[in-house]
Protein chains: 2
Amino acid sequence: MKVNVVVTPKAAVLDPQGAAVRDAMQHLGMPEVRSVRIGKFLEIEIDEKAANLEARLNDLCRDLLSNPVIEDFQVHGLESAK
Amino acid sequence: MKVNVVVTPKAAVLDPQGAAVRDAMQHLGMPEVRSVRIGKFLEIEIDEKAANLEARLNDLCRDLLSNPVIEDFQVHGLESAK
């Protein structure tokens, strides 16, 4: 079973890496790019549907995979396994 | 208009960051995690549907946003704007 977790910087947080990529894209042939924000994408392969999986995965996303002060996370792929 | 680009390491490429996260998850209450692979997630805001957008965006993904030797990329969100 495959679960994807997307960790993105919160809207209020500066993202200098994204700003650098935006400037580079504007200079390399895409002047219509308005903003770029860069986050992390995690493909997690899990053995099977275990008890309480969603709650434990959300806890780990909060505690290990993201910094909740500056980042948000979204979990995709758990719904289809229910 | 919002386009998401996901850059992931190719399946044949070692992902030590992902392996470290997998071990940490296994030790922190999710022993059923089999593998983790970590990529980049880019949220790109583009002004409007410009000419030849898809081709130029794919070129930039290949040349700037990913390293095609070790990474794959996927563009999401362009289909809905057509």
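Each reported figure results from applying straightforward, stated rules to the coordinates on display, with no laboratory input. All values derive from a computational prediction rather than experimental measurement. Positions of Cβ are backbone-derived with ideal geometry, glycine not excepted, and every protein chain shown enters the neighbour counts.
Quick check: convex hull of the Cα atoms in segment B:21-66, volume per residue, rounded to a whole Å³? Write down the numbers at each step before the final one.
Working: hull volume 5.4 nm³, N = 46.
Hull volume normalised by residue count: 118 Å³.
Along the charge dipole of segment B:1-73, Cβ charges K/R +1 and D/E -1, which of B:V13, B:L28, B:L42 sits furthest on the positive end?
Positive-most Cα among the choices belongs to B:L28.
Using a Förster distance of 35 Å, how high is the FRET efficiency between B:K2 and A:A51, based on the Cβ-Cβ distance and rounded to 0.05?
Details: r = 37 Å, r/R0 = 1.04.
About 0.45, to the nearest 0.05.
For chain A, just run the numbers: alpha carbon Rg, then divide by 2.2 N^0.38 Å, N being how many residues it has. Could you put the intermediate results ahead of the total?
Working: Rg = 16.1 Å, N = 82, 2.2 N^0.38 = 11.7 Å.
For chain A, the normalised Cα radius of gyration comes out at 1.37.
Each residue of segment A:3-11 in order: what ³J(HN,Hα) in whole Hz does its phi give by Karplus 6.51 cos²θ - 1.76 cosθ + 1.60, θ = phi - 60°, with x for Gly and Pro?
Going residue by residue, I get 10, 10, 10, 10, 10, 10, x, 4, 4 Hz, with x marking Gly and Pro.
Please give the average number of partner chain Cβ atoms lying within 10 Å of the Cβ of each residue in B:64-73, rounded to a whole number. Intermediate results must be reported in sequence, preceding the final value.
Details: counts 7, 5, 0, 0, 0, 0, 0, 0, 0, 0.
Mean partner shielding for this stretch: 1.
Just checking the output field for B:25-32: average partner chain Cβ neighbours within 10 Å of each residue's Cβ? Each step should come with its number before you reach the end.
Values: counts 9, 0, 1, 5, 7, 10, 2, 9.
Mean number of neighbouring Cβ atoms from other chains: 5.
May I ask for the equivalent-ellipsoid semi-axes of the protein assembly as shown, computed as the square root of five times each C-alpha gyration tensor eigenvalue and listed largest first in whole Å? Please report the intermediate quantities before stating the final value.
On the way: eigenvalues 185, 54, 45 Å².
Output for the protein assembly as shown: semi-axes of 30, 16, 15 Å.
Just tell me how shielded A:47-59 is by partners: mean number of partner chain Cβ atoms within 10 Å of each residue's Cβ, no decimals.
On the way: counts 5, 2, 1, 3, 0, 1, 2, 0, 0, 5, 4, 0, 3.
Per residue, the number of nearby Cβ atoms from other chains is 2 on average.
Residues with amide H under 5 Å of A:R34's amide H, sequence separation 5 or more or different chain, H placed in the peptide plane at 1.01 Å from N; which?
Amide H neighbours of A:R34, under 5 Å, 5+ apart: B:E45, B:I46, B:D47.
Given only helices, namely DSSP H runs of n ≥ 4 each adding -39500 (n - 2.57), what is the per-residue ellipticity at 222 nm of chain B, to the nearest 500 deg cm²/dmol? If you can, show how the numbers build up before the last one.
Details: 2 runs with 20 residues, N = 82.
That calculation yields -7000 deg cm²/dmol at 222 nm.
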